[in-house]
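The values are calculated or read from the model by the stated rules, or taken from the named source; none is laboratory data. Keep in mind it's a predicted model, so treat the numbers as computed, not measured. When we count neighbours, we look across all protein chains shown, and the Cβ atoms used for this are built from the backbone with ideal geometry, even at glycine. All accessible areas refer to the heavy atoms of the entire protein, side chains included, with ligands and DNA or RNA removed. Shrake-Rupley method; radii C 1.70, N 1.55, O 1.52, S 1.80 Å.
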Amino acid sequence: MLSRTDILALLRETDPAAREDLRRKADEVRRREVGDEVHLRGLIEISNHCTRSCFYCGLRRENRRLPRYRMTADEILACARQATEFGYGTLVLQSGEDPTLTGESVAKILRRLKSDPATRQLAVTLSLGERSKEDLALWRSAGADRYLLRFETSNAELLDRLHPPLPGRPSRIDLLDLLRDLGYEVGSGVMIGLPGQSYDDLARDIECFAARHLDMVGVGPYLPHPDTPLARGTAPLPEDRQVPNTEEMTYQVIALTRLACPRINIPATTALATLNPAEGYRRGLQCGANVIMPNLTPAKYRAYYEIYPGKASSRETPEQTHARLRGILESLGRTVGRGRGDSLRKSASPG
Ligand code: 5AD
């Protein structure tokens, strides 16, 4: 078990050989605990409407420059069939916090997905933001298998400043407990290098991944969006405390997450691939990651799901993304995961 002091030292490590050593260890743990399969989760960004005002996110309600869209149920079903054709085991439905996606309208989509012979074998992950207990329970009973909700940072003061809370609503951390109680597999994660995020905060985030018994943890660099207040001049911490939003720091966090949570699913994220389009996915998979979430959102909507600018593969078709990812896996001697790629967290370790 890594102590806070160990984690902090490894986050602050600047010697390339020592960093490489950590990544190699994480790669060994990944191989021993979850194997060489890389699970592909087809991502559909079903709506970019959002009622929230997060200071970092391009979908925030105040961003009037962004054209808004919402996919129809038929469009979502057509994308889901494509996931099956590509051999993906999981479908992820993601959106901003869009109240027009009501409990019942999402439940209806779930029931269609879970009864259509072309899609019913897919595991379904929802990532629709902070929703009521009633909605989350309804969606679970309508067939949703997993829920993805990043807690963004374990520093509550920083989170409240950058992610204005809604009065009387449970915190994201509390929602993760509720989701587990409802029987979801639970995914979460944080951004790396938010202005104001210290090394100590990030070390606590990593401890929190293990303490919260998460099934999946996704981490990616914070990427400034010009149409957000955070990009327009929020002062970072002094250099010796501020976490940098770099590719190298992201690899360190992926590797530490694998060591802290040996049997969970860890994606190489789109934000990482945005920082390094040529190598981000590959290098993420080499330091602890075992999941990729290829984007299946139709071309006509893709550019508008602009959480941050320049999102990786936003000009590729799903076919092109799929072919490129297969090439990466092959060159690494890894295989496309078969089946749904359910969490192994609670099953016994082979090693
Ligand atoms: N840079 C990187 N990641 C971001 N997210 C939101 N805004 C940004 C940004 N500017 C991440 C958050 C959110 C996920 C869907 O995208 O972690 O939970």
Quick one: check the C-alpha center-to-center distance for segment 147-205 versus segment 208-268, whole angstrom. 12 Å
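Return one whole number: the accessible area per residue of the chain in Å², for a 1.4 Å probe.
42 Å²
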Just tell me which aspartates and glutamates come within less than 19 Å, Cα to Cα, of Lys108; anything on the same chain fewer than 8 places away is out. Glu45, Asp74, Glu75, Glu97, Asp98, Asp116, Glu134, Asp135, Asp145
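What does the helix-only formula give at 222 nm for the chain: each DSSP H stretch with n ≥ 4 adding -39500 (n - 2.57), the total divided by the residues, and the result rounded to the nearest 500 deg cm²/dmol? Mind dumping the intermediate values first?
Details: 13 runs with 138 residues, N = 351.
When only DSSP H runs of four or more count, the value is -12000 deg cm²/dmol.
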Taking the alpha-carbon centre of each part, the distance from segment 42-84 to segment 332-350 in Å is 29 Å
Using a 1.4 Å probe, how large is the accessible area of Lys133, given in Å² and rounded to the nearest 10? 120 Å²
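Out of segment 204-279, which trypsin sites (Lys or Arg not before Pro) are coil in DSSP terms and have no more than 16 other C-beta atoms within 10 Å? Intermediate results must be reported in sequence, preceding the final value.
On the way: sites: Arg204, Arg212, Arg232, Arg241, Arg258, Arg263; in loops: Arg212, Arg232, Arg241, Arg263.
Passing both the DSSP loop test and the Cβ count: Arg232, Arg241.
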Any trypsin sites (Lys or Arg not before Pro) in segment 43-107 that lie in a DSSP loop and have at most 12 other Cβ atoms within 10 Å would be Arg64, Arg65
Sorting check: for 177-188, 113-124, which peptide has the highest mean count of neighbouring beta carbons within 10 Å, and how do the rest follow? 177-188, 113-124
Here the cysteines of the chain without any disulfide-compatible Cβ partner under 4.7 Å are Cys50, Cys79, Cys208, Cys261, Cys287
Set of segment 62-88 residues, backbone N closer than 11 Å to the point 7 Å along the Cα-Cβ line of Thr100: 68-72
Anchor Lys300: lysines whose Cα lies under 20 Å away (excluding residues fewer than 8 positions away in-chain): Lys311
Please list the non-local residues whose amide H lies under 5 Å from the amide H of Val92, H modeled 1.01 Å from N, same-chain partners needing a gap of 5 or more. Gly42, Leu43, Ile44, Thr125
Could I have the simple spin-label model distance between Leu2 and Glu85, label points 7 Å from Cα toward Cβ, reported in nm to one decimal? 4.1 nm
Can you tell me what percent of all Cα-Cα pairs in segment 268-351 are more than 22 Å apart? 32 percent
What's the carbon and sulfur percent of segment 91-197's accessible surface, probe 1.4 angstrom, rounded to a whole number? 55 percent
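Hey, got a sec? Which GluC sites (Glu not before Pro) in segment 1-60 land in a DSSP loop and have at most 16 other Cβ atoms within 10 Å?
Working: sites: Glu13, Glu20, Glu28, Glu33, Glu37, Glu45; in loops: Glu13.
Taking segment 1-60 and a limit of 16 other Cβ atoms within 10 Å, the loop GluC sites (Glu not before Pro) found are Glu13.
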Whole-Hz Karplus couplings 3J(HN,Hα) for segment 55-72, θ = phi - 60° and coefficients 6.51, -1.76, 1.60, Gly and Pro as x, run 5, 9, 9, x, 8, 3, 4, 6, 7, 6, 6, 8, x, 9, 9, 9, 6, 7
